[in-house]
1. Within segment 233-245, is even one residue over 22 Å from the mean Cα position of the chain (by Cα), within 30 Å of residue 78 (Cβ to Cβ) and not in a strand (DSSP E or B)?
2. Could you go through segment 194-205 and let me know if any residue there is surrounded by fewer than 19 Cβ atoms within 10 Å (Cβ to Cβ), away from the ligand (no atom under 16 Å from the Cβ) and either in a helix (DSSP H, G or I) or in the same structural domain as residue 79 (by TED's automatic domain parsing) (or both).
3. Among (1) surrounded by 15 or more Cβ atoms within 10 Å (Cβ to Cβ); (2) more than 16 Å from the ligand (Cβ to nearest atom), there is one condition residue 265 misses while meeting the rest; what is its number?
4. Given the criteria within 22 Å of residue 174 (Cβ to Cβ), touching a helix residue (DSSP H, G or I) at 6+ places or on another chain (Cβ under 9 Å) and either within 16 Å of the ligand (Cβ to nearest atom) or not assigned by TED's automatic domain parsing to the domain that holds residue 82 (or both), does residue 291 qualify?
5. I'd like to check something: does segment 231-241 contain any residue that is surrounded by fewer than 19 Cβ atoms within 10 Å (Cβ to Cβ), outside the structural domain of residue 83 (by TED's automatic domain parsing) and farther than 20 Å from residue 178 by Cβ?
6. Have a look at 266, 250, 245, 289 and point out the one that is touching a strand residue (DSSP E or B) at 6+ places or on another chain (Cβ under 9 Å), free of Cβ contacts under 8 Å to residues at least 12 places away in the same chain and over 22 Å from residue 84 (Cβ atoms).
Ligand SMILES: [Zn+2]
């Protein structure tokens with residue numbers, strides 16, 4: 001290695017080694033892609049509520065629902081969709097002695113309790129809607145499943161296994177929105193509060209009856225309901241949805257001297273101040289009847305922003 005020839009030789013060896021390593025990586029990627037395309041299980045951590053079973057249609061293994069655990073998973077998802085916090089769901093699973101994920105039992109043997117990270121991970125896994133997590137560009141070390149990186153078909157649509165799904169892709173999107181809203185400090189505070197906040201007081205109307213929806217509770221959960229036709233919509237998901245759209249779509253619009261993002265930050269937890277920010281941007285907010293009506297569904301929200309006033313800095 002001390003002569004120029006020796007160093008050149010070492011460089012050549014390194015180059016060949018790198019070429020071979022890249023060829024191996026490419027073969028592994030191609031094999032994995034083919035396995036996923038065949039609907040088979042490529043190995044790795046099996047999500048809670050599922051198990052791998054021999055593929056009935058060929059070689060390898062496929063994922064299937066684990067009948068011992070799928071009910072607990074479905075229960076956790078239903079609770080999350082109805083607005084319960086991840087901590088409350090973890091406590092419920094622990095109190096009901098739901099079987100823990102296999103790997104956790106080994107690692108934390110003796111504790112026997114669920115924690116919020118585990119529950120949070122379950123609720124973010126695309127397998128809930130029968131989709132396959134797939135993110136070819138991402139390092140394997142990524143801590144958490146990215147709920148929006150899933151296996152797509154030739155038309156760019158998610159590949160969905162009906163045998164695995166316990167909710168629809170729309171419900172899955174709603175669930176992710178709820179989880180994301182809780183990571184915003186103000187939204188978390190609001191979601192955990194049981195009171196009927198004034199945030200949407202005299203703001204949303206019933207699409208059918210044209211009257212303002214009233215604040216109330218249904219099974220201790222905050223709702224808006226129409227005093228005429230009695231249609232009801234859950235507040236937890238609706239508030240989170242409206243706040244998200246307001247802060248994303250209207251962040252640069254003006255409220256007095258401030259833009260929406262600043263005005264919202266200044267409003268803090270003051271419901272009337274937050275209401276004022278929302279109302280300043282609204283042209284129309286109406287709620288229409290849900291088809292099934294059990295879960296929040298963004299199709300029910302008819303929202304038009306007022307015509308734009310551009311921020312001078314924008
Ligand atoms: Zn009505």
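The values are calculated or read from the model by the stated rules, or taken from the named source; none is laboratory data. This one's a predicted model, so the numbers in the text were calculated from it and none came from an experiment. So basically every Cβ, Gly included, is an ideal-geometry build from the backbone, and we count neighbours across all protein chains shown.
1. The answer is no; no qualifying residue exists.
2. yes
3. Answer for residue 265: the failing condition is (1).
4. Yes, satisfied.
5. Scanning segment 231-241, I find no residue that is surrounded by fewer than 19 Cβ atoms within 10 Å (Cβ to Cβ), outside the structural domain of residue 83 (by TED's automatic domain parsing) and farther than 20 Å from residue 178 by Cβ, so the answer is no.
6. After ruling out the rest, the residue left standing is 266.
Here is a yes/no grid of residues against (1) in contact with a strand residue (DSSP E or B) (Cβ under 7 Å, 6 or more places away or on another chain); (2) farther than 30 Å from residue 123 by Cβ; (3) surrounded by 11 or more Cβ atoms within 10 Å (Cβ to Cβ):
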site	(1), (2), (3)
8	no, yes, no
12	no, yes, no
16	no, yes, no
42	no, no, yes
52	yes, no, yes
73	no, no, yes
81	no, no, yes
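A quick yes/no check of all residues on (1) under 21 Å from residue 131 (Cα atoms); (2) free of Cβ contacts under 8 Å to residues at least 60 places away in the same chain; (3) part of a helix (DSSP H, G or I):
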site	(1), (2), (3)
23	no, yes, yes
31	yes, yes, yes
47	yes, no, no
57	yes, yes, no
64	yes, no, no
